1. With the condition being within 19 Å of the chain's Cα centre (by Cα) and within 23 Å of B:A88 (Cβ to Cβ), I'd like the helices (runs of 4 or more DSSP H) fully within the range A:1-117 carrying at least 1 qualifying residues.
2. Which ones in the range A:287-327 are of a type in the set (S, T, Y), open to solvent by 40 Å² or more (accessible area, probe 1.4 Å) and either without any contact (Cβ under 8 Å) to a residue 24 or more places away in the chain or under 18 Å from A:P154 (Cβ atoms) (or both)?
3. Looking at B:A80, B:A7, B:A90, which one is free of Cβ contacts under 8 Å to residues at least 40 places away in the same chain and more than 7 Å from chain A (Cβ to nearest Cβ)?
4. Can you work out which of the residues in the range A:246-269 that are touching a residue at least 12 places away in the same chain (Cβ under 8 Å) and surrounded by fewer than 17 Cβ atoms within 10 Å (Cβ to Cβ) is nearest to A:S52 (Cα to Cα)?
5. State which residue is farthest from the other protein chains (Cβ to nearest Cβ) when the search covers only the range A:22-46 and only residues that are without any contact (Cβ under 8 Å) to a residue 12 or more places away in the chain and surrounded by 15 or more Cβ atoms within 10 Å (Cβ to Cβ).
6. I need the full set of residues from the range B:103-124 which are of a type in the set (A, V, I, L, M, F, W, C), over 26 Å from B:I85 (Cα atoms) and free of Cβ contacts under 8 Å to residues at least 24 places away in the same chain, in order please.
7. Might you let me know whether the range A:364-381 holds any residue that is buried (at least 18 other Cβ atoms within 10 Å of the Cβ), over 28 Å from A:T161 (Cβ atoms) and modelled with pLDDT under 90?
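The values are calculated or read from the model by the stated rules, or taken from the named source; none is laboratory data. None of these values were measured; they are calculated from a predicted model. Cβ sites come from the backbone with ideal geometry, for glycine too, and all protein chains shown count toward neighbours. Only protein heavy atoms, including side chains, enter the accessible area calculation; ligands, DNA and RNA are left aside. Shrake-Rupley method; radii C 1.70, N 1.55, O 1.52, S 1.80 Å.
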Amino acid sequence: MTGLLLVLPFALLFLGIPIYLILLLTSLIAVAFVAGMPPTVVQTALFGALDSFPLLAIPFFILAGEIMGQGGIAKRLVAWITSVIGGVRGSLPLTTIASSEVFGAISGSSVSCVAAVGRLMVPALRGAGYGERFTSGLIASSGAIAVIIPPSIPMIIYGATAQQPVTELFLAGFLPGLLIGAFGALYVLFRERRSGREHVRVPFAWSSVWAATKNASWALGTLAVIFGGIYGGAFTPTEAAGVAVVYAIVVSCLIYRDLDWAGLWRICMSSAQLTAQILVIVAAAGLYSWLLTTSGLPQLVIATIKGWNLGAVETLLVFNLLLLVVGSFLEPPAAILILTPLFLPVVMSFGVDPIHFGIIMTVNLSIGLYTPPFGLNLFATHSLFHAPLGVIYRGVLPFLAINLIALMVITYVPQISLVVLGR
Amino acid sequence: MHVAATATLLLAVALNFANVVGRYFFNAPIEWAEEVMLFMQVGVVFLAAVAVSREGRHIRMDVAVNLLPALPRRLLEALAGVVEIAVAVAVTWLAIPLVKQLAEFDQRSQAAQLPLAIPQALVPLGFALIAIAVAVRLARK
């Protein structure tokens, strides 16, 4: 039973069968041929997986992110960052990383971030003579920061699966997100020093910072709406995401007037599809995960790992490696739904904080988003900016290496995640 | 279906906003808002999934498949379509008795007192339409 549930999906994956179908087909076969699996579970689990209020934040954040990316909010945020750090060495790649941090704070989706920041920064980077390999690697990897900086779709799903408060996960994600950005920035600075290139510099002036801040004030207000609303106690993360949609529509269509109503409708249509693409996998993974849990796999995993007599350090290392492999095949939502029930009891028996483990999973799976050959950000970069996949693969390698170091630091220094919560 | 899903998504945004404004400014939250928004979410996902299936745009790993020559690739695409139809029919078939049961016993949701059969029926409805959409897509090729 367990063998069937694990081997069949892998074979189907390589045949190019959509992921939600693989999870459904495997589950249906288990229900049909394994005794004790009630057929009613198919309907109840598919419906039940989506009948969760925290998950409702996902369609809202997707919609808000798409509107902000295309409606002029992202553009003004990047202009604001350029006015602040445009004068330093390597300003364009640094602006790309910083923009991903800020865009990540108003959106929870990595592909939205690649599209929004990439559309603005790729032409500038190319124009300044940065190579295709570096540019595409930078864009594909920086986009992953968006899921670590709150709000974050993977953290919402982890919170729902592990029954942890999403507000605490969001707080815990801030410092790890900044740390990863800082590691990327150090690499950029090191590279710039060695290359000795001519620099694109926008001279720093308080007057231009002031002008850009004024111009971006409505865009920056998004941050106040989301975080002020959540941590001021006005609303839950899901409600904040919904309010952010209304705010983004008002700012983009009525204040900036960068978006007309036809354009807004087009964005809503594509966001509905994007929502379905992600949440249909979540629904199917909910069913699959229920069957895995019922088949006794969690107990088996716990017993096996206990049998190895590993300590907390080694166990976390093993889980990180497994997550990296799984994360490069599966989207974070599916990976979290399937693996959290297997891994969380084991690490908790070692005294690992469940919030900290949520951050480890999120950071780890965010790396999977641009790990060759299957990461979603790689395909997004490929289809948006027409860089050949082989070039992107080589471009992300240095970023992959530094982010793996950051992952180790975040895994073994729990304080980075937990200090904000006062633990 | 795509239009219906998009309209439902926007309705959920509006309902959420009305609920937050009502609670915060008028101290009058909409008691049934959360429950109905979740039903709407189920609708958005399974109805928009029909549009995604029709266009064959579900997330999948197609790198290995794209390396193949045209003929085996098209055979695999057809296989994926057949699997999609079979799975969608099976899920619909398993879901219908449950939805019927809910309707017969007239089970209502807790807050809105809506017949539970309505939101639950969105799952088999979506999958039945997915089966049709994929069949049409395959027939055209």
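1. Details: elements: A:2-14, A:19-33, A:41-50, A:57-70, A:73-85, A:91-104.
Filter on the range A:1-117 gives A:19-33, A:57-70.
2. We begin by selecting, within the range A:287-327, every residue of a type in the set (S, T, Y); these are A:288-289, A:293-295, A:304, A:315.
Still in the running and open to solvent by 40 Å² or more (accessible area, probe 1.4 Å): A:293-294, A:304.
The answer is A:T304, and nothing else.
3. On the way: B:A80 fails: more than 7 Å from chain A (Cβ to nearest Cβ); B:A90 fails: more than 7 Å from chain A (Cβ to nearest Cβ).
The match here is B:A7.
4. Restricting attention to the range A:246-269, the residues satisfying the condition of being touching a residue at least 12 places away in the same chain (Cβ under 8 Å) are A:247-249, A:251-253, A:255-256, A:258-259, A:263-264, A:267-268.
Still in the list and also surrounded by fewer than 17 Cβ atoms within 10 Å (Cβ to Cβ): A:255, A:258, A:263.
Working: A:I255: 34, A:D258: 34, A:G263: 30 Å.
Top of the filtered list is A:G263.
5. A:T44
6. Taking the range B:103-124 as the starting set, the residues that turn out to be of a type in the set (A, V, I, L, M, F, W, C) are B:103, B:105, B:111-112, B:114, B:116-118, B:121-123.
Okay, now just the ones that are also over 26 Å from B:I85 (Cα atoms), so B:103, B:105, B:111-112, B:114, B:116.
Selection gives B:A103, B:F105, B:L116.
7. yes
Yes/no matrix, rows are residues, columns are (1) closer than 19 Å to A:N377 by Cα; (2) hydrophobic (A, V, I, L, M, F, W, C); (3) buried (at least 24 other Cβ atoms within 10 Å of the Cβ); (4) free of Cβ contacts under 8 Å to residues at least 12 places away in the same chain:
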{"position": "A:I62", "(1), (2), (3), (4)": "yes, yes, yes, no"}
{"position": "A:R76", "(1), (2), (3), (4)": "no, no, no, no"}
{"position": "A:S83", "(1), (2), (3), (4)": "no, no, no, no"}
{"position": "A:G87", "(1), (2), (3), (4)": "no, no, no, no"}
{"position": "A:F103", "(1), (2), (3), (4)": "yes, yes, yes, no"}
{"position": "A:L120", "(1), (2), (3), (4)": "yes, yes, no, no"}
{"position": "A:A124", "(1), (2), (3), (4)": "no, yes, no, no"}
